[in-house]
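Notes to accompany the following structure.
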Amino acid sequence: MTTIKTATSENTLVDFFDKQLKLWPAARERFEDLKKVKTRQVGNLLLQYNPARIRSTGASIDKAVLAKRPCFLCAANRPAEQLTLDLGMAELLVNPYPILPKHFTIPLQKHQPQKLELLEGYISILLRLDPSLMVFYNGPHCGASAPDHAHLQAGTSGLLPVQKMWRNDVEWIKEDKENKTMIGLVKGYACPIIVVKGDAPIVSLPKVGDDVNVISWREDKEQIALIFLRSKHRPDCYARGVMVSPGALDMGGLIITPQEEDFNNLDADTASGILQEVSMTETEVRKIISKI
């Protein structure tokens, strides 16, 4: 494992990504394969048939299972080919099992459980380094395949259906003058979403717990953060063999299907129903916004 100098600019991330793919043939091949994956529109959502993601979709988060396996985000257990970009208390890695054309994982150097408050400061740091990125967080029971090691992910922005749709029906509810942000409720989507918008970098997200999904990116001079409040880890159909285990990208409308039969069989109502099933209701979300 080689550590590259501290990240300072968008060019640093681009150079790091290119260098990593040159040095790691297996990762390079998966990014090449990603260019050929099938996608299918179902209503306002998008399915992606991505067999390489089966290990994440099927990952057990049982504490006993996690305790027995080497943590793949800890430096000692990473592949020899994997480069590291220093971010201080965190590190940036190229994700070798990509969903997005550029896909990074950002683990803390210290092995500790997935908690949003440990990571939220890095969201703005990454978006300042490269405004073309989208940064996302999966809670420990919301799609994180390594819930025992705090980490973010980042990747190519602008590809998620929710990024194009969220402004269509949003109700602004309150202003946080201290953090110079507006807080609202996105309606008219498959599930209700808390939206936080700031003219300056969002340094602190509303305290809504760790079992959420967050997607954040920049639009012109604004930073947008969407917070999906979850009611459950996986939909009931998962137990029946439908391999959809929603993380942030799925909640954002890019539903990953490692099994071809699921890719072929899911329709708009079922896909939308999965996101709704694992989310809190609008009434519940409104109550939480009122307490922020």
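The values are calculated or read from the model by the stated rules, or taken from the named source; none is laboratory data. All values reported here derive from a predicted model rather than from experimental measurement. Cβ: placed from backbone, ideal geometry, glycine included. Neighbour counts: every protein chain shown. All accessible areas refer to the heavy atoms of the entire protein, side chains included, with ligands and DNA or RNA removed. Shrake-Rupley method; radii C 1.70, N 1.55, O 1.52, S 1.80 Å.
Being at pLDDT below 95, assigned to a helix (DSSP H, G or I) and open to solvent by 50 Å² or more (accessible area, probe 1.4 Å), is that true of even one residue in region 4-14?
Scanning region 4-14, I find at least one residue that is at pLDDT below 95, assigned to a helix (DSSP H, G or I) and open to solvent by 50 Å² or more (accessible area, probe 1.4 Å), so the answer is yes.
Which one of these is farther than 30 Å from ILE54 by Cα and either crowded, with 19+ Cβ neighbours inside 10 Å or touching a residue at least 12 places away in the same chain (Cβ under 8 Å) (or both): ILE274, ILE255, ILE288?
ILE288
Of these, GLN41, GLN82, GLN20, which one is out of contact with any Gly (no Cβ under 9 Å at 6 or more places or on another chain) and under 30 Å from LYS164 (Cα atoms)?
Just a single option satisfies the conditions, and that option is GLN41.
What number of residues within region 269-292 satisfy the criterion of being in contact with a Leu (Cβ under 6 Å, 6 or more places away or on another chain) and assigned to a helix (DSSP H, G or I)?
2
Would you confirm whether any residue within region 242-251 is under 26 Å from VAL42 (Cα atoms), surrounded by fewer than 22 Cβ atoms within 10 Å (Cβ to Cβ) and under 22 Å from the mean Cα position of the chain (by Cα)?
yes
Can you confirm whether ASP236 is surrounded by fewer than 22 Cβ atoms within 10 Å (Cβ to Cβ) and modelled with pLDDT of 95 or more?
yes
Among the residues of region 83-106, what is the count of those that are crowded, with 22+ Cβ neighbours inside 10 Å and in contact with an Asp or Glu (Cβ under 6 Å, 6 or more places away or on another chain)?
Residues meeting the conditions: 0.
Restricting to region 140-183, count the residues that are open to solvent by less than 10 Å² (accessible area, probe 1.4 Å), closer than 16 Å to LEU226 by Cα and in contact (Cβ under 8 Å) with a residue 40 or more places away in the chain.
The qualifying residues number 8.
Restricting to region 239-270, name every residue that is out of contact with any helix residue (DSSP H, G or I) (no Cβ under 9 Å at 6 or more places or on another chain) and not acidic (Asp, Glu).
Answer for region 239-270, where residues must be out of contact with any helix residue (DSSP H, G or I) (no Cβ under 9 Å at 6 or more places or on another chain) and not acidic (Asp, Glu): ALA239, ARG240, ALA248, LEU249, PHE263, ASN264, ASN265, ALA268.
In this structure, does GLN48 turn out to be crowded, with 17+ Cβ neighbours inside 10 Å and either closer than 25 Å to VAL162 by Cβ or at pLDDT 95 or above (or both)?
Working: crowded, with 17+ Cβ neighbours inside 10 Å: yes; either closer than 25 Å to VAL162 by Cβ or at pLDDT 95 or above (or both): yes.
It is true that GLN48 is crowded, with 17+ Cβ neighbours inside 10 Å and either closer than 25 Å to VAL162 by Cβ or at pLDDT 95 or above (or both).
Looking at region 70-82 only, could you name the residues that are open to solvent by 60 Å² or more (accessible area, probe 1.4 Å) and outside any helix (DSSP H, G or I)?
PRO70, PHE72, ALA80, GLU81
Is it the case, given these coordinates, that GLU282 is touching a strand residue (DSSP E or B) at 6+ places or on another chain (Cβ under 8 Å), farther than 19 Å from TYR49 by Cβ and exposed (fewer than 15 other Cβ atoms within 10 Å of the Cβ)?
When the stated conditions are applied, GLU282 passes them.
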